[in-house]
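Written out below as structure tokens is the structure these notes cover.
The values are calculated or read from the model by the stated rules, or taken from the named source; none is laboratory data. Worth saying up front: this structure is predicted, and the values here are computed from it rather than measured. Cβ placement follows ideal geometry from the backbone for every residue including glycine, while neighbour counts extend to all protein chains displayed. The protein model used for the area step is the full one, side chains on, heavy atoms only, and it has no ligands, DNA or RNA in it. Shrake-Rupley method; radii C 1.70, N 1.55, O 1.52, S 1.80 Å.
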Amino acid sequence: MTVQDITVVRSVAEVRKYRQAWSHEGLKVGFVATMGFLHAGHQSLIRESLAENDRTIVSIFVNPSQFAPGEDLDAYPRNLEHDLQVLKETATTDGHGVSLVFAPTVTEMYPSGIPLDVDAQKGAFVSVKGLSEPLEGRTRPLFFRGVATVVSKLFNIVQPDNTYFGQKDVQQTVVLRRMIKDLFIPVKFHLCPIVRNDSGLALSSRNAYLSDEVQKRATVLYRSLSQAESSYTKGQLDANKLIELVKTQIAKEAPEFKPDYVAINDRDDLRYLAEIDPAKGCIISLAYYVPNDLQDSKKGTTRLIDNCIFPPMH
Ligand code: AMP
């Protein structure tokens with residue numbers, strides 16, 4: 001299927017056919033993995049890939065194995081037409097755009113099937129021990145097993161020279177970098193900055209669940225992280241004090257938001273830090289449960305994440 005000059009393929013065999021042809025031509029291939037419902041955050045990754053590669057492949061796949069039973073797998077927004085329109089708008093003015101969209105079925109990616117109940121799963125899975133358990137892993141213990149598994153499948157299918165992931169999911173970038181290193185996967189990893197809306201809210205496909213009022217209120221997440229960063233640059237190195245600063249500001253401005261965690265960790269091994277080494281910097285990250293609608297509790301809650309990497313200070 002070709003929509004507005006973007007070729008969409010569903011099978012592994014078709015991706016391989018394109019990839020082989022490009023290899024024969026000596027072309028460099030960039031790859032961006034997504035779950036679709038594309039926004040400007042995804043576009044920034046794709047633009048980096050377009051600038052640095054001859055061909056760019058984007059995958060769109062809502063990966064069941066990273067969702068636990070009871071999470072939002074079924075509700076997760078999916079809209080291929082919307083995504084193709086966004087991709088078309090991502091092309092440069094001279095027409096250099098995404099060469100291939102890989103939008104596989106679940107069966108194509110998981111030939112042995114993929115029940116959400118982990119005890120019933122069969123087949124090969126990838127775990128990155130030691131980095132998957134803290135932070136997101138405390139609430140979502142099998143999340144990074146799902147991510148590492150699907151990304152290794154995608155790397156094996158696409159065989160990219162370069163791949164682009166967003167700092168928005170900072171723990172994911174640490175986990176995947178280690179996977180690439182430990183499994184000797186021949187791809188160069190690129191970390192791309194967080195794209196935010198004008199008020200500072202980090203763009204996310206899940207923001208679609210939130211009312212306008214909640215989206216406005218959720219900007220406190222970023223403002224609280226920025227306040228912690230400015231306190232750090234003024235010399236505050238006590239992690240608990242910085243965490244308290246963040247929690248207090250959010251509790252004051254958005255008492256309806258419930259913290260899952262606010263944490264300060266080492267940038268490489270995700271160790272929880274009590275004191276920041278200014279020569280190394282750190283990651284400060286948070287996850288909050290946010291009501292989708294302040295007036296209607298039946299509309300449920302969304303778990304938002306955000307983070308800031310504090311640079312080393314010399
Ligand atoms: P997702 O579709 O949520 O799985 O995201 C696909 C990729 O886009 C991941 O590498 C994300 O980190 C990245 N991404 C998502 N939102 C943003 C954002 N606001 N800024 C930068 N990258 C993002």
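For the range 41-57, how many residues meet the condition of being under 18 Å from Q167 (Cα atoms) and open to solvent by less than 40 Å² (accessible area, probe 1.4 Å)?
Count: 7.
Go through the residues of the range 271-292 one by one and say whether even a single one is farther than 24 Å from R177 by Cβ, out of contact with any Leu (no Cβ under 8 Å at 6 or more places or on another chain), at pLDDT 95 or above and open to solvent by less than 40 Å² (accessible area, probe 1.4 Å).
yes
Which numbered condition in (1) closer than 30 Å to R10 by Cβ; (2) within 16 Å of the ligand (Cβ to nearest atom); (3) open to solvent by 10 Å² or more (accessible area, probe 1.4 Å) is the only one that N156 fails?
Looking at each condition in turn, N156 falls short on (2).
Among the residues of the range 219-239, write down those that are hydrophobic (A, V, I, L, M, F, W, C) and either in a helix (DSSP H, G or I) or in contact with a helix residue (DSSP H, G or I) (Cβ under 8 Å, 6 or more places away or on another chain) (or both).
Once the filter is applied, which keeps residues that are hydrophobic (A, V, I, L, M, F, W, C) and either in a helix (DSSP H, G or I) or in contact with a helix residue (DSSP H, G or I) (Cβ under 8 Å, 6 or more places away or on another chain) (or both), the range 219-239 yields V220, L221, L225, A228, A239.
Residue-wise test of (1) within 13 Å of the ligand (Cβ to nearest atom); (2) crowded, with 18+ Cβ neighbours inside 10 Å.
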| residue | (1), (2) |
| --- | --- |
| F189 | yes, no |
| R196 | yes, no |
| L201 | yes, yes |
| S211 | no, no |
| R223 | no, no |
| S226 | no, no |
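If H314 passes every condition in (1) free of Cβ contacts under 8 Å to residues at least 24 places away in the same chain; (2) over 25 Å from the mean Cα position of the chain (by Cα) but one, which one does it miss?
Looking at each condition in turn, H314 falls short on (1).
Just give me the residues in the range 82-99 being touching a residue at least 60 places away in the same chain (Cβ under 8 Å) and touching a Ser or Thr at 6+ places or on another chain (Cβ under 9 Å), in sequence order.
Hits for the range 82-99 are G97, V98, S99.
What number of residues within the range 30-72 are more than 10 Å from the ligand (Cβ to nearest atom), in contact with a helix residue (DSSP H, G or I) (Cβ under 6 Å, 6 or more places away or on another chain) and aliphatic (A, V, I, L, M)?
Matching residues across the range 30-72 total 1.
Within the range 293-311, is even one residue in a strand (DSSP E or B), over 20 Å from K168 (Cα atoms) and not hydroxyl-bearing (S, T, Y)?
No - not one qualifying residue is present in the range 293-311.
Return the only residue of S49, S23, S59 being among the hydroxyl-bearing types (S, T, Y) and more than 21 Å from the chain's Cα centre (by Cα).
Just a single option satisfies the conditions, and that option is S23.
Among (1) buried (at least 19 other Cβ atoms within 10 Å of the Cβ); (2) at negative phi; (3) of a type outside the set (F, W, Y), where does K181 come up short?
Here K181 clears every test but (1).
Quick one: which of S231, S199 is more than 22 Å from the chain's Cα centre (by Cα) and small (G, A, S)?
On inspection, the qualifying residue turns out to be S231.
In the range 235-266, which residues are among the hydroxyl-bearing types (S, T, Y) and surrounded by 13 or more Cβ atoms within 10 Å (Cβ to Cβ)?
Y261
Which members of the range 159-171 meet the condition of being surrounded by 22 or more Cβ atoms within 10 Å (Cβ to Cβ) and part of a loop (DSSP other than H, G, I, E, B)?
Selection gives P160 alone.
For N207, indicate whether it is part of a helix (DSSP H, G or I), open to solvent by 60 Å² or more (accessible area, probe 1.4 Å) and either modelled with pLDDT of 95 or more or not small (G, A, S) (or both).
Against the criterion (part of a helix (DSSP H, G or I), open to solvent by 60 Å² or more (accessible area, probe 1.4 Å) and either modelled with pLDDT of 95 or more or not small (G, A, S) (or both)), N207 does not qualify.
Quickly run through the range 114-141 and pick out the residues that are open to solvent by less than 30 Å² (accessible area, probe 1.4 Å) and either among the small types (G, A, S) or not in a loop (DSSP other than H, G, I, E, B) (or both).
Correct list: S132, E136, G137.
With (1) more than 13 Å from the ligand (Cβ to nearest atom); (2) touching a strand residue (DSSP E or B) at 6+ places or on another chain (Cβ under 6 Å); (3) open to solvent by 30 Å² or more (accessible area, probe 1.4 Å) as the list, and Y232 as the residue in question, which single condition is left unmet?
The single condition Y232 does not satisfy is (3).
For the range 23-54, enumerate the residues that are in a helix (DSSP H, G or I) and within 22 Å of M109 (Cβ to Cβ).
Scanning the range 23-54 gives H42, L45, I46, S49.
Taking only the range 281-292 into account, find how many residues are assigned to a loop (DSSP other than H, G, I, E, B) and over 18 Å from L135 (Cβ atoms).
1
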